[in-house]
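J.: Handing you this structure, nothing more for now.
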Amino acid sequence: MCCIHLQWTVQPLVDNYDEDEFQYLIHVHTGFKLLSGTKSKVFFRVNGTEGETGVRRMDDGFRQVYRTDILLLLMLLL
């Protein structure tokens with residue numbers, strides 16, 4: 001069985017603003033299968049009862065590749 005590579009450091013998204021009030025911790029887990037990572041740019045949107053975030057890029061300014069079998073912790077500020 002393959003080992004899970006954990007990176008326990010929480011990285012902020014590059015498009016966060018200092019004046020944002022709310023913090024959301026995003027957990028991203030890539031698959032176990034060979035080549036299940038990606039070099040693609042990943043985007044997301046969070047919807048809730050008070051509205052939605054708009055399209056945000058999953059980018060911490062550090063990683064260029066989301067490897068196979070990893071757990072990323074990213075901080076989204078709103």
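Since every read-out is calculated from the coordinates, none of them should be taken as a lab result. Keep in mind that this is a model prediction, so the values were computed, not measured. Reconstructed Cβ throughout: ideal geometry from the backbone, glycine too, with neighbour counts over all protein chains shown.
J.: Cβ-Cβ distance below 9 Å, separation of 6 or more or different chains: which pairs start in the range 24-38 with a residue that is free of Cβ contacts under 8 Å to residues at least 40 places away in the same chain and end on one that is part of a strand (DSSP E or B) and surrounded by fewer than 12 Cβ atoms within 10 Å (Cβ to Cβ)?
T.: As it stands, the answer is none, since no pair meets every condition given.
J.: Condition first: touching a residue at least 24 places away in the same chain (Cβ under 8 Å) and part of a loop (DSSP other than H, G, I, E, B). Now tell me which residues in the range 52-62 satisfy that.
T.: Listed by number, the residues that qualify are T53, M58, D59, D60, G61, F62.
J.: I'm trying to understand the selection: among the residues of the range 30-51, which are surrounded by 12 or more Cβ atoms within 10 Å (Cβ to Cβ) and outside any loop (DSSP other than H, G, I, E, B)?
T.: Those that are surrounded by 12 or more Cβ atoms within 10 Å (Cβ to Cβ) and outside any loop (DSSP other than H, G, I, E, B): T38, F44.
J.: Looking at the range 52-74, which of its residues are hydroxyl-bearing (S, T, Y) and either in contact with a strand residue (DSSP E or B) (Cβ under 6 Å, 6 or more places away or on another chain) or loosely packed, with under 12 Cβ neighbours inside 10 Å (or both)?
T.: Hit for the range 52-74 is Y66, nothing else.
J.: Scan the range 46-78 for residues that are charged (D, E, K, R) and closer than 13 Å to L13 by Cβ and jot them down.
T.: R56, R57, D59, D60, R63
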